[in-house]
Amino acid sequence: MSDFVAGVDPGLSGAVAVLTRGGDVVNVYDVPTLQVGGGKRREYNIPELVRLVELIGRAAVWVVEHQSPRPESPVVSFKVGLGYGVWLGVLSALSRPHMVVLPQTWQKAMYAGAHGEGKDRSILVAGRLFPNVRLARHDWADALLIAEWGRRELWGTG
């Protein structure tokens, strides 16, 4: 078993964070996307996503944030569900061990005692845990916290 864990925020603006067993950040990557139709519309770049999974290698486990439908926003729900399914499909096809975590589960554990609301809280908590990482976006913070949650679940370290 490798001594790495990869946390995946599977959205179109998502990220993948890789941590060592000791909690050091290996890298944070944006989810590969491409522009389509000459505008701002983006889609998952699945061949590049496969390359990213292969580049990262065999993490001890890939922790993917569970995505569920939002009845009030069916178009967003479709895109979110598509990305979630793409990640699970790629990881399964490449025989990468993975687990799914509900947002409420990792957030409850990682936000314990933290102040703030929503995405600001992710940036605040991730900034404290990983002060050497420039958190360009909240998606990076979420991916780091998902990976940290997985690291603690795997190896019981906090």
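The values are calculated or read from the model by the stated rules, or taken from the named source; none is laboratory data. Note that the coordinates shown come from a computational prediction; the quantities given were computed from them, not determined experimentally. Positions of Cβ are backbone-derived with ideal geometry, glycine not excepted, and every protein chain shown enters the neighbour counts. The accessibility values were calculated without ligands, DNA or RNA, using every heavy atom of the protein model including side chains. Shrake-Rupley method; radii C 1.70, N 1.55, O 1.52, S 1.80 Å.
Rounded to the nearest 0.05, what FRET efficiency do Leu94 and Thr157 have when you use their Cβ-Cβ distance and R0 = 25 Å? Intermediate values should be presented prior to the final figure.
Details: r = 27 Å, r/R0 = 1.08.
Approximately 0.40, to the nearest 0.05.
Per residue, the chain exposes 52 Å² of accessible surface when a 1.4 Å probe is rolled over the protein heavy atoms with every protein chain present. Computed over the Cα atoms of the chain, the ratio of the radius of gyration to the Kirkwood radius (Rg/Rh) comes to 0.95. Paramagnetic label reach from Asn132 (point 7 Å along Cα→Cβ; backbone nitrogen cut-off under 16 Å): within region 1-23, residues 18-23. Of the residues Glu117, Glu54, the one with the largest accessible area comes first in the ranking Glu117, Glu54, computed with a 1.4 Å probe on protein heavy atoms.
For the chain, excluding the exposed loop sites themselves (trypsin sites (Lys or Arg not before Pro), DSSP loop, at most 12 other Cβ atoms within 10 Å), the longest remaining stretch covers 42-133. FRET efficiency for the pair Glu54 and Asp120, taken as 1/(1 + (r/R0)^6) with r the Cβ-Cβ distance and R0 = 25 Å, rounds to 0.15.
Give me the percent of accessible area attributable to carbon and sulfur for region 38-158, probe 1.4 angstrom.
Numbers: 3760 of 6710 Å².
In region 38-158, the share of accessible area belonging to carbon and sulfur is 56 percent.
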